[in-house]
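Below is one structure, written out as structure tokens; comments come after it.
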């Protein structure tokens, strides 16, 4: 399976762009390969997003654009089940950026956890990781959040 997380310039895939990608290939609970990169969105990163992710325009100015990495990312992910936390968000951005990503199989871990019988105040990734005592905390960076989800999968399975 592939654990995927993206960071973006906002919430609307029609006008916002991907700025951070982490795709972690997992085998028997271990990370065996990864595809991690910043992306130059070719649009300004709003201050609110920089405050949240700590990704600035300076950080992405020399990064590749999505079209430069999309074929390699698709090749990395093809043939695997793609797991993400609120994966519909990530999928919308991928598909808007490159239609070929619509052919992949996606599994939403947020929906999975909501289907379990745990009483939590909310289902934000940070709340869920606290509930299960995971010390690695989500940070709104793609790699850290994907690694956090891997820890959650190790505890709860899929």
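No lab work stands behind these numbers, since they all come straight from the coordinates. Being a predicted model, the structure only gives us computed values, none of them experimental. We place every Cβ from the backbone using ideal geometry, glycine too, and count neighbours over all the protein chains shown.
Remarks
- Mean Cα-pair separation over length for the stretch 83-158, i.e. relative contact order, pairs under 8 Å, 6 or more apart, %: 25 percent
- Largest-first principal axis extents, alpha carbons of the stretch 43-158, Å: 43, 34, 19
- Mean separation of Cα contacts under 8 Å (6+ apart) over length of the chain, as relative contact order %: 25 percent
- Residues residue 43 and residue 107, FRET efficiency given R0 of 25 Å [Cβ-Cβ distance, rounded to 0.05]: 0.25
- Taking the longest Cα principal axis of the chain as reference, the axis of helix 66-77 is set at about 30 degrees.
- With Cα atoms, 0 to 90° folded angle of helix 87-97 axis to the chain main axis: 20 degrees
- Protection proxy ranking of 117-123, 78-84 - average other beta-carbon atoms within 10 Å, highest first: 78-84, 117-123
- Antiparallel DSSP beta bridges within the chain, as percent of all bridges there, nearest 5: 70 percent
- Distance from the stretch 1-22 to the stretch 41-110 (C-alpha centre basis), Å: 4 Å
- The chain - mean residue ellipticity at 222 nm from DSSP helices (-39,500 (n - 2.57) per run, n ≥ 4, rounded to 500): -11000 deg cm²/dmol
- Peptides 33-42, 146-155, 133-142 ranked from most to least packed give 146-155, 33-42, 133-142, packing being the mean of other C-beta atoms within 10 angstrom over each peptide's residues.
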